[in-house]
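Structure, as C-alpha cells:
The values are calculated or read from the model by the stated rules, or taken from the named source; none is laboratory data. In this text, all values refer to a predicted model and were calculated from it rather than measured experimentally. Glycine gets a Cβ as well: all are built from the backbone with ideal geometry, and neighbour counts include every protein chain shown. In case anyone asks, the SASA skips ligands and DNA or RNA and just uses the protein heavy atoms, side chains included. Shrake-Rupley method; radii C 1.70, N 1.55, O 1.52, S 1.80 Å.
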Amino acid sequence: MSQPKLVIFMLSGPENPRRCVTPFLVAMAALATEWEVSIYFACDGVLLLKRGAAEDVYATEGGRPLSSFIHDTMELGAKLYACTPAVQVHHMKIEDMIDGIEAAGAVSLLGETRLADTVLTI
C-alpha cells in the first residue's frame, strides 16, 4: 500500500504568526506517521518563504522562530512550493526564497490535490 498524501494550502502570512506555525506542526505529525507531505504557499503565505523573513516570526513570546519549524519540516521530507503569481504580486523572485523552495502554479497545485488523500487550507 502506498503512503497517504497530505497537501496543505497555506494562505496566511507573517501578519498572523500563530496561524503560521500550524501547517508545520500538522506536516511534522504527518511525516512522523509516514505520510507524504506537500505545502503550497500562496497569497501572503509566500512572504514566509522569503530568505530571512521567518527568523522574526514567533507564534508565542519566547518560542521558537518560524524558521526552525520550516527547517525541521523540510528536513523530515516535506516539499514546499511557492505560488508563482503570488511571488510576483509581492515583487519577489523565486531566487529570494529560502533554499529548497520550488516554484509552482495552479496546475501543479491541482495535480497534487487530485492525488491527495487529505487537503488542508490554512
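Here are a few things to note about the model shown:
- Restricting attention to segment 90-118, the residues that are of a type in the set (A, V, I, L, M, F, W, C), under 21 Å from Glu75 (Cα atoms) and either touching a Phe, Trp or Tyr at 6+ places or on another chain (Cβ under 6 Å) or open to solvent by 40 Å² or more (accessible area, probe 1.4 Å) (or both) add up to 4.
- Among the conditions (1) touching a residue at least 12 places away in the same chain (Cβ under 8 Å); (2) part of a loop (DSSP other than H, G, I, E, B); (3) open to solvent by 30 Å² or more (accessible area, probe 1.4 Å); (4) farther than 26 Å from Ser2 by Cβ, Glu34 misses just one, which is (4).
- None of Ala42, Ala29 is under 15 Å from the mean Cα position of the chain (by Cα), open to solvent by 50 Å² or more (accessible area, probe 1.4 Å) and aliphatic (A, V, I, L, M) except Ala29.
- Every residue from segment 45-55 that is assigned to a loop (DSSP other than H, G, I, E, B) and either of a type outside the set (Gly, Ala, Ser) or crowded, with 18+ Cβ neighbours inside 10 Å (or both): Arg51
- Contact map, segment 64-85: residues that are in contact (Cβ under 8 Å) with a residue 60 or more places away in the chain paired with residues that are crowded, with 22+ Cβ neighbours inside 10 Å, Cβ distance under 9 Å, separation 6+ or inter-chain. No pairs are found.
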